[in-house]
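Structure, as structure tokens:
The values are calculated or read from the model by the stated rules, or taken from the named source; none is laboratory data. Because the structure is a prediction, the values reported are computed rather than measured. Counting neighbours? That spans all protein chains shown, and the Cβs are built from the backbone with ideal geometry, glycine included. Please note that ligands, DNA and RNA were not included when accessible areas were found on the heavy atoms of the full protein model with its side chains. Shrake-Rupley method; radii C 1.70, N 1.55, O 1.52, S 1.80 Å.
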Amino acid sequence: MAELSPAILTNDVSDFRKQYAELLPLSQYYGKLHVDFADGQFVRTQTVMPADVAFLQSNRIPAMAHLMVQDPVRYFEDCRRAGFAYVLFHFEAFLTPDEVSTALSRAEQLGLIAGLALGPDTPLTKIAKFIPQFKLIQIMSIQPGAQGREFILGTFDKVTELRSLSKSVIICVDGGIKVGIAGQLARTGADILVVGSAISRSEDEGMALEALKLDLETYAT
């Protein structure tokens, strides 16, 4: 069954600590923690960066660093020191295929699991040669850079297409996910669902996570 991954996106370390402290006791509802990092160049948003959250190294929950940045490799060592298990970097951040391959190799050298993120306007044909090389592909279901945007319906077809291309790749979907959408994504073949505002903007984060988990279980039966 697909698993949930709450997302933290903030430009304030104190706020990060607060969100992290609120999510930690709710870890029975999710398998991985997703942290968004943005440099203000690849996307307009600017956030805390991996070096700012070194305290995560004691985290018992696997954490994914989503690097919405122009030079992802620059942050890999900080991600490793901060305790991240995964680094997810955007295909659109590179000028050539060779740069993508170099980033993958560097992540593996550091013992990190690399994931290739794909913006909503980039077709899967652009990354076809890389799908067998990556353990995880992240499909963006909103324009990257902020939480609370509307889910792009074409994502369902994109997930279905990716699953038809690879039965083994871990498919992660990020953005605009809420009850109803979560279950449908799981049925189309998604493995990890990154959820931001549906949790962080709810009155009760535990109840929001429980509702999403129930949605996944309903579609799994």
First in the range 103-130 and closer than 18 Å to ASP36 by Cα, second anywhere and among the charged types (D, E, K, R) and part of a helix (DSSP H, G or I), Cβ under 7 Å, 6 or more apart
LEU112/ARG80; ALA114/GLU108; GLY119/GLU92
Please give the number of the condition VAL13 fails out of (1) crowded, with 18+ Cβ neighbours inside 10 Å; (2) over 28 Å from ILE181 (Cα atoms); (3) out of contact with any Leu (no Cβ under 9 Å at 6 or more places or on another chain).
(1)
Conditions: (1) more than 25 Å from LEU124 (Cα to Cα); (2) surrounded by 15 or more Cβ atoms within 10 Å (Cβ to Cβ); (3) of a type outside the set (Gly, Ala, Ser). PHE94 meets all but one. Number of the miss?
(1)
Quick one: count up the residues across the range 72-91 that are surrounded by fewer than 23 Cβ atoms within 10 Å (Cβ to Cβ) and closer than 19 Å to PRO62 by Cβ.
9
If a residue has to be under 14 Å from the mean Cα position of the chain (by Cα) and more than 20 Å from LEU136 (Cβ to Cβ) to count, how many in the range 172-202 make the cut?
1
List the pairs whose first member sits in the range 71-94 and is in contact (Cβ under 8 Å) with a residue 40 or more places away in the chain, whose second member is in a helix (DSSP H, G or I), and whose Cβ atoms are under 6 Å apart, counting only residues at least 6 apart or on separate chains?
ALA93/PRO72
Of all residues in the range 19-58 being outside any helix (DSSP H, G or I), open to solvent by 50 Å² or more (accessible area, probe 1.4 Å) and of a type in the set (S, T, N, Q), which is farthest from LEU9 (Cα to Cα)?
GLN41
I need a count of the residues in the range 184-203 that are within 17 Å of GLU150 (Cβ to Cβ), without any contact (Cβ under 8 Å) to a residue 40 or more places away in the chain and touching a Phe, Trp or Tyr at 6+ places or on another chain (Cβ under 8 Å).
1
Contacts under 7 angstrom Cβ, first residue in the range 15-38 being among the small types (Gly, Ala, Ser), partner exposed (fewer than 15 other Cβ atoms within 10 Å of the Cβ) and assigned to a helix (DSSP H, G or I), 6 or more apart
none
